[in-house]
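Undergrad: Here it is, the structure in full.
Rule-based calculations on the coordinates, nothing more; no lab input. For clarity, every value in this text was computed on a predicted model and none was experimentally measured. Quick reminder, even Gly has a Cβ in these numbers, built from the backbone with ideal geometry, and neighbours come from all protein chains shown.
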């Protein structure tokens with residue numbers, strides 16, 4: 001009865017790792033499939049974004065690809081569901097979480113390659129460093145510290161953003 005808690009068998013940890021990998025692959029496959037659509041976010045989503053972002057942030061958001069803007073709205077909506085008391089600055093961070101990818105200038109297939117092979121070229125490194133780059137861009141656009149921090153993947157709302165982005 002007493003004593004140390006039992007450690008799960010190795011097979012259990014392996015199954016968890018495989019399940020996590022399968023989840024990640026599924027997430028990336030959904031992003032890939034959605035990246036081919038050229039449809040703008042819905043008008044009500046665009047109106048919501050305009051309320052959440054400062055003029056400088058909105059200019060940054062508009063530099064993102066159509067697919068990244070749609071993804072940003074989906075993630076930000078899930079973020080707000082997970083974090084009902086989110087501040088405007090946190091929602092802005094969710095909407096701009098991938099804005100640093102604009103500096104890499106990669107299309108869909110090059111993004112897939114960068115994800116698979118890692119930061120082997122200058123542009124692939126930019127893609128992989130998108131959080132730091134996005135934070136720098138947001139700071140230059142006048143974003144609040146909480147927005148910049150969230151784009152960097154830090155702060156009290158970071159776990160909720162990661163969860164909202166990983167569906």
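Undergrad: Taking the Cβ-Cβ separation of residue 109 and residue 46 as r and a Förster radius of 30 Å, what is the calculated FRET efficiency to the nearest 0.05?
TA: Approximately 0.65, to the nearest 0.05.
Undergrad: With 10 angstrom as the radius, rank 77, 125 by how many other C-beta atoms surround their C-beta, starting from the fewest.
TA: Going from sparsest to densest Cβ surroundings: 125, 77.
Undergrad: Among 79, 124, rank each residue by its count of other Cβ atoms within 10 Å, from fewest to most, as a rough exposure measure.
TA: 124, 79
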